[in-house]
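Student: Sharing a structure with you now.
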């Protein structure tokens, strides 16, 4: 995401907070229209592209764990994308 001043320095925590607000706002809009049963919610799957070294992957895994602790109802889990792609390629 990009800030109003053009900077692209949103932290993952800020992104999750913004995501939760967007979901709340959307649910409120539907509720106001009497359509709240049309949307139950949304969750985030934290996806890591496995192109970095082990230290980088470890950082992302720990980041995901900390976000899951703070936002347990929003973070569904973590996935390492390249391991899945490599399994398909074999």
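Student: Scan the range 18-43 for residues that are in a helix (DSSP H, G or I) and touching a residue at least 12 places away in the same chain (Cβ under 8 Å) and jot them down. Full working, then the answer.
Tutor: Step one: list which residues in the range 18-43 are in a helix (DSSP H, G or I), which gives 18-32, 36-38.
Selection gives 18, 19, 20, 23, 26, 27.
Student: I've got another one for you. For the range 1-41, enumerate the residues that are surrounded by 13 or more Cβ atoms within 10 Å (Cβ to Cβ) and over 13 Å from the mean Cα position of the chain (by Cα). Let's see the steps before the verdict.
Tutor: Start the filter on the range 1-41 by keeping residues that are surrounded by 13 or more Cβ atoms within 10 Å (Cβ to Cβ), which leaves 10, 12-13, 15-17, 19-20, 23, 26-27, 30, 36, 39.
Passing the criteria: 26, 27, 30, 36, 39.
Student: Still on this structure, I have one more. Restricting to the range 50-65, and then to whatever is in contact (Cβ under 8 Å) with a residue 24 or more places away in the chain and surrounded by 12 or more Cβ atoms within 10 Å (Cβ to Cβ), can you tell me which residue is farthest from residue 12 (Cα to Cα)? Break it down stepwise before answering.
Tutor: Taking the range 50-65 first, the residues in contact (Cβ under 8 Å) with a residue 24 or more places away in the chain are 50-51, 63.
Imposing the further condition that a residue be surrounded by 12 or more Cβ atoms within 10 Å (Cβ to Cβ) reduces the set to 50, 63.
Values: 50: 18, 63: 8 Å.
Only one residue fits best here, namely 50.
Any read-out appearing in this document is the output of simple, stated calculations on the displayed coordinates, not a laboratory observation. Values in this document were obtained by computation on a predicted structure and should not be read as measured data. Here the Cβ is made from the backbone with ideal geometry for all residues, glycine too, and neighbour counts use every protein chain on show.
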